[in-house]
Amino acid sequence: MEEMNVEKNQLSSPRINANSNGSVVNKSKSTPAKFPLTFWEMAVASGVVLSFAVGLVGVYLTMPASDYSFLKLPRSLEDLQILRDHLESYTSDYTIQVLVGYCVVYIFMQTFMIPGTVFMSLLAGALFGVFKGVALVVFAATAGASSCYFLSKVIGRPLLSSLWPDKLVFFQAQVAKRRKGLLNYMLFLRVTPTLPNTFINVASPIVDVPYHIFFLATVIGIIPAAYVTVKAGIALGELRSIADLYDFHSIATLFLIGIVSVTPTLLTKNQT
């Protein structure tokens, strides 16, 4: 047994040789960083991207011949105003194509964690008004979050472990403590900016949040923020920066709604 242990130690220990000067040189090789996704996981992600691309191509082919160089993801309020000005003329005549194109882009951005969905929410208000805009944003955001949820079941764990290890540990502990009132907790997270929505979408299946709870918390919890953003999109020309959307009054209102959402859970804990 001792001989076996010695052999194991020799195999597991790094190779150490002495050079001509008698100094010790460590011959152990550091293993290169491994890509976090396997071939099949990459194939699934690529298939999702391809399906979105096919949807956008289908919308493009059904639109009239024109110069569409203005079509790009807005990165500033100036970009958004240019996009709004061009799309307004198409929205009345090609409503279905504009709606489908809008939803495909929004869902794609949500699925693959591409920043800028706040501009898409503003655009919904500018093109469709408050009530239609809120309904459109809630639908697209919920569909995108659901797509991200299911894609994360396949490729999420290695990505989360490398991108947000601390947030993942925190979220997992909080979910484990709140199993009985998980819907209220998820509503609180959706309504308030406590954790980024992108992180919630990716991490929820990893920490075993059931999809029905995830879905209900998403479709209900994003309504207040969607309303604030879509309403601001109607007066797009008056906005000077994205920071104007979420002033102290808006943030305080969202936190108040969030506190109300977790109150039943807190009362239940006190009674028990």
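The values are calculated or read from the model by the stated rules, or taken from the named source; none is laboratory data. This is a predicted model, so every value here is computed, not measured. As a convention, Cβ positions derive from the backbone with ideal geometry for all residues, glycine included, and neighbour counts pool all protein chains shown. Just the protein is used for accessible areas: all its heavy atoms, side chains included, with ligands, DNA and RNA removed. Shrake-Rupley method; radii C 1.70, N 1.55, O 1.52, S 1.80 Å.
Going by the conditions given, is GLY133 open to solvent by less than 10 Å² (accessible area, probe 1.4 Å), of a type in the set (Gly, Ala, Ser), closer than 21 Å to ILE82 by Cα and part of a helix (DSSP H, G or I)?
Values: open to solvent by less than 10 Å² (accessible area, probe 1.4 Å): yes; of a type in the set (Gly, Ala, Ser): yes; closer than 21 Å to ILE82 by Cα: yes; part of a helix (DSSP H, G or I): yes.
Yes.
Quick one: how many residues across the range 177-191 are loosely packed, with under 13 Cβ neighbours inside 10 Å and either in contact (Cβ under 8 Å) with a residue 12 or more places away in the chain or outside any helix (DSSP H, G or I) (or both)? Explain how you work it out, then say what you get.
Looking only at the range 177-191, we keep the residues that are loosely packed, with under 13 Cβ neighbours inside 10 Å, and these are 177, 179-180.
Keeping just the survivors that are either in contact (Cβ under 8 Å) with a residue 12 or more places away in the chain or outside any helix (DSSP H, G or I) (or both) gives 179-180.
Residues that pass the stated criteria total 2.
Being more than 24 Å from SER89 (Cβ to Cβ) and of a type outside the set (A, V, I, L, M, F, W, C) is the filter here, so list the residues in the range 118-155 that pass it.
Correct list: THR142, GLY144, SER146, SER147, TYR149, SER152, LYS153.
Regarding THR218, is this residue part of a helix (DSSP H, G or I), surrounded by 23 or more Cβ atoms within 10 Å (Cβ to Cβ), more than 15 Å from the chain's Cα centre (by Cα) and not hydrophobic (A, V, I, L, M, F, W, C)?
Against the criterion (part of a helix (DSSP H, G or I), surrounded by 23 or more Cβ atoms within 10 Å (Cβ to Cβ), more than 15 Å from the chain's Cα centre (by Cα) and not hydrophobic (A, V, I, L, M, F, W, C)), THR218 does not qualify.
I'd like to check something: does the range 114-123 contain any residue that is surrounded by fewer than 18 Cβ atoms within 10 Å (Cβ to Cβ) and either touching a Lys or Arg at 6+ places or on another chain (Cβ under 7 Å) or of a type in the set (Phe, Trp, Tyr) (or both)?
Among the residues of the range 114-123, at least one is surrounded by fewer than 18 Cβ atoms within 10 Å (Cβ to Cβ) and either touching a Lys or Arg at 6+ places or on another chain (Cβ under 7 Å) or of a type in the set (Phe, Trp, Tyr) (or both), which makes the answer yes.
Residues are listed down the side, and each one gets a yes or a no for (1) surrounded by fewer than 16 Cβ atoms within 10 Å (Cβ to Cβ); (2) under 19 Å from ALA140 (Cβ atoms):
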{"site": "SER51", "(1), (2)": "yes, yes"}
{"site": "VAL54", "(1), (2)": "yes, yes"}
{"site": "THR62", "(1), (2)": "yes, no"}
{"site": "SER76", "(1), (2)": "yes, no"}
{"site": "LEU80", "(1), (2)": "no, yes"}
{"site": "GLN97", "(1), (2)": "no, yes"}
{"site": "GLY101", "(1), (2)": "no, yes"}
{"site": "TYR106", "(1), (2)": "no, yes"}
{"site": "MET109", "(1), (2)": "no, yes"}
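Look at ILE107 and say whether it is touching a residue at least 24 places away in the same chain (Cβ under 8 Å) and among the β-branched types (Val, Ile, Thr).
On the way: touching a residue at least 24 places away in the same chain (Cβ under 8 Å): yes; among the β-branched types (Val, Ile, Thr): yes.
Yes: the conditions hold for ILE107.
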